[in-house]
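A.B. asks: Got a structure here, written out as structure tokens. Questions coming.
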Amino acid sequence: MKEFPVNNDCDLVYEFFMKLYMMAEMIDIQAEKHIQKIGWLSGRLSELLGMSADFCANIEYAAPLHDIGNIVISDTILKKPYRITYEEKKRIEDHTMVGYDILKDTHSEILQMAALIAKYHHERFDGSGYPEGLCGNQIPLSARIVGVADSLDAIINTRPYKTGKPIDEALAEMERLSGTLYDPEIIKLLPEMSSEIRDQYKEVS
């Protein structure tokens, strides 16, 4: 991750964020590498989109908190090795609002961004996502970016309920879903990043 944004309470803020990341990692023993990669992917995509240095730094720290709401969901659901029920699916979807409630009401720009990401990173470009069914530019840019980063990471990695796909297949799947699930302006940046992505995921490629 980039150097943490400097302010008068830099040491205290840094320590606080490390505690939040520890909380996120406790949800899933595989989460440490996952949240690091989501932060990197989100920051790099933001750079390629031409976002400001502050935006890029903030999203790299905010993105790893996207699934912090999972802390209230049982491991028996999150790590279930077969198809979940409708009721379990709705329970998992609640993590977006739980994460938002944890992170909102703050003076921190990073946590403000993290709250929006937590709430909206499962919205989809065509309006088929949750929790509000937003579409296109109605979805905050930070959440659209993290939605792409999170999905790519999820496709590549093996989970209890699925086998991961090779990077070429993952990138092809993301491109196929461009304009439906994902913002096409973000997806078109992935080929430019392909060598960097391979380097980041070389342990699974």
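A.B. asks: Starting from the amide H of residue 159, placed 1.01 Å from N in the peptide plane, find each other amide H under 5 Å away whose residue is 5 or more places distant or on another chain.
C.D. replies: Amide H neighbours of residue 159: 164.
A.B. asks: For a quick check of your reading of the filter: which chymotrypsin sites (Phe, Trp or Tyr not before Pro) in the stretch 149-204 sit in a DSSP loop and have no more than 16 other Cβ atoms within 10 Å?
C.D. replies: 161
A.B. asks: Here is a further query. Taking amide hydrogens as modeled 1.01 Å from N in the peptide plane, which residues meet the under 5 Å criterion relative to residue 182, leaving out close sequence neighbours?
C.D. replies: Answer set, sorted by chain and number: 125.
A.B. asks: Here's another thing I want to ask about it. Could you give the size of the charge dipole of the stretch 91-205 about its Cα centre, using +1 on the Cβ of each K and R and -1 on the Cβ of each D and E, expressed in debye and rounded to the nearest 20?
C.D. replies: 240 debye
A.B. asks: As I understand it, the dipole of the stretch 156-205 uses +1 on the Cβ of Lys and Arg and -1 on the Cβ of Asp and Glu, about the Cα centre. Which of 156, 177, 187 lies farthest toward its positive end?
C.D. replies: Going by the Cα projections, it comes out as 156.
A.B. asks: Where the accessible area of the stretch 82-150 is counted over protein heavy atoms with a 1.4 Å probe, how much of it, in %, is carbon and sulfur?
C.D. replies: Ligands and nucleic acids excluded, carbon and sulfur give 50 percent.
A.B. asks: Given a 1.4 Å probe, how much area per residue of the stretch 50-148 is accessible, in Å²?
C.D. replies: Value for the stretch 50-148: 47 Å² per residue.
A.B. asks: Going by average Cβ neighbours within 10 Å, how do the peptides 183-193, 63-73 rank, with the highest at the top?
C.D. replies: Highest-to-lowest ranking by the protection proxy: 63-73, 183-193.
A.B. asks: Sorting check: for 170-179, 114-123, which peptide has the highest mean count of neighbouring beta carbons within 10 Å, and how do the rest follow?
C.D. replies: On the way: 170-179: 16.3, 114-123: 25.4.
The peptides rank, most packed first, as 114-123, 170-179.
The values are calculated or read from the model by the stated rules, or taken from the named source; none is laboratory data. Nothing here was measured: the structure is a model prediction, and the numbers come from that model. Cβ sites come from the backbone with ideal geometry, for glycine too, and all protein chains shown count toward neighbours. The accessibility values were calculated without ligands, DNA or RNA, using every heavy atom of the protein model including side chains. Shrake-Rupley method; radii C 1.70, N 1.55, O 1.52, S 1.80 Å.
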